[in-house]
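The values are calculated or read from the model by the stated rules, or taken from the named source; none is laboratory data. The structure presented is a predicted model; accordingly, all values stated were derived computationally and were not measured. Here Cβ is always computed from backbone atoms with ideal geometry, including for glycine, and neighbour counts include all displayed protein chains.
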Amino acid sequence: MRRLLSNHNHKLGRLSSFALPLSTCDKTQNKQCRKYCYARYLFKIYSKYRAKMTYNYRISKSDRFVKLMNEELKEASLSVRIHVSGDFYSQKYLNKWLQIARMNPRQIFYCYTKSINLDFGKRPRNFIVYLSDDQRVLQKEYKRFDGVAAISFDKKPIRGFRLCRHQADSIHCAHCELCMHKGNRIYFDLH
């Protein structure tokens, strides 16, 4: 059986991560998101990456997902990035992650989402959710989330937001941990 988690990438460093296909992203996303999505590029050029994400999606829909993820988390990093690509595609799927987080209180689970129509209200303290608001038009939703992430399409600073330390200082997420704490507003330069 294939592993669901990946355990290293250029930006994250030695953090465990989980990813899904782009088809799980909200279909109402803006044109810029679809145009500049870094994962779209990876899907096009790496067939193994595409195959792994497709596998992850299939397993995420199954009744075995929680059990299999809990097994892998025994050997995972203390912080786990959910959705290096993809997003929460249903409440049932989100609820599986909430259950996983409750069953693994020693770990921090963090993610970015555009799925504002789902109920994130009953998340445990170790489940950190940043609203991904690239255009900064969803301010009325900010209170529902632990933080906000945006993209600077012109690579200029965004007032009230901090630049991702990976982009600013080449620091891996595993060493920065800014997104693993509540109350931050972070922006990424278009990459």
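Data overview
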item: Ser132 being without any contact (Cβ under 8 Å) to a residue 24 or more places away in the chain, within 26 Å of Leu163 (Cα to Cα) and of a type in the set (Gly, Ala, Ser); result: yes
item: Residue tally, condition surrounded by fewer than 20 Cβ atoms within 10 Å (Cβ to Cβ) and outside any loop (DSSP other than H, G, I, E, B), over the range 137-149; result: 6
item: Criterion: surrounded by fewer than 16 Cβ atoms within 10 Å (Cβ to Cβ), touching a helix residue (DSSP H, G or I) at 6+ places or on another chain (Cβ under 9 Å) and at negative phi - qualifying residue of Asp119, Asp134, Asp154; result: Asp119
item: Residue check, Tyr110 more than 24 Å from Glu177 (Cβ to Cβ), buried (at least 19 other Cβ atoms within 10 Å of the Cβ) and either of a type outside the set (A, V, I, L, M) or in contact (Cβ under 8 Å) with a residue 12 or more places away in the chain (or both); result: no
item: Residue within the range 136-144 that is under 16 Å from the mean Cα position of the chain (by Cα), of a type in the set (Phe, Trp, Tyr) and farther than 18 Å from Leu73 by Cβ present; result: no
item: The listed residue being within 14 Å of the chain's Cα centre (by Cα), closer than 25 Å to Met69 by Cβ and not acidic (Asp, Glu), out of His172, His83; result: His83
item: Restricting the range 74-88 to residues that are of a type outside the set (Lys, Arg) and either over 27 Å from His172 (Cα atoms) or free of Cβ contacts under 8 Å to residues at least 40 places away in the same chain (or both), the residue that is surrounded by the most Cβ atoms within 10 Å (Cβ to Cβ); result: Leu78
item: Complete set of residues in the range 152-167 that are under 24 Å from Ser16 (Cβ atoms) and either more than 16 Å from the chain's Cα centre (by Cα) or of a type in the set (Phe, Trp, Tyr) (or both); result: Arg165, Gln167
item: Test: residue in the range 181-188 that is more than 20 Å from Ser79 (Cβ to Cβ), free of Cβ contacts under 8 Å to residues at least 40 places away in the same chain and surrounded by fewer than 17 Cβ atoms within 10 Å (Cβ to Cβ); result: no
item: Residue in the range 73-89 that is farthest from Ser132 (Cα to Cα), counting only those that are touching a Phe, Trp or Tyr at 6+ places or on another chain (Cβ under 9 Å) and outside any loop (DSSP other than H, G, I, E, B); result: Ser79
item: Tally of residues being at pLDDT 65 or above and either assigned to a loop (DSSP other than H, G, I, E, B) or over 14 Å from the mean Cα position of the chain (by Cα) (or both) across the range 2-25; result: 12
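Rundown of residues vs (1) among the β-branched types (Val, Ile, Thr); (2) modelled with pLDDT of 95 or more; (3) assigned to a loop (DSSP other than H, G, I, E, B); (4) surrounded by fewer than 18 Cβ atoms within 10 Å (Cβ to Cβ), yes/no style:
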site: Ile59; (1), (2), (3), (4): yes, yes, no, yes
site: Met69; (1), (2), (3), (4): no, yes, no, no
site: Trp97; (1), (2), (3), (4): no, yes, no, no
site: Ile100; (1), (2), (3), (4): yes, yes, no, no
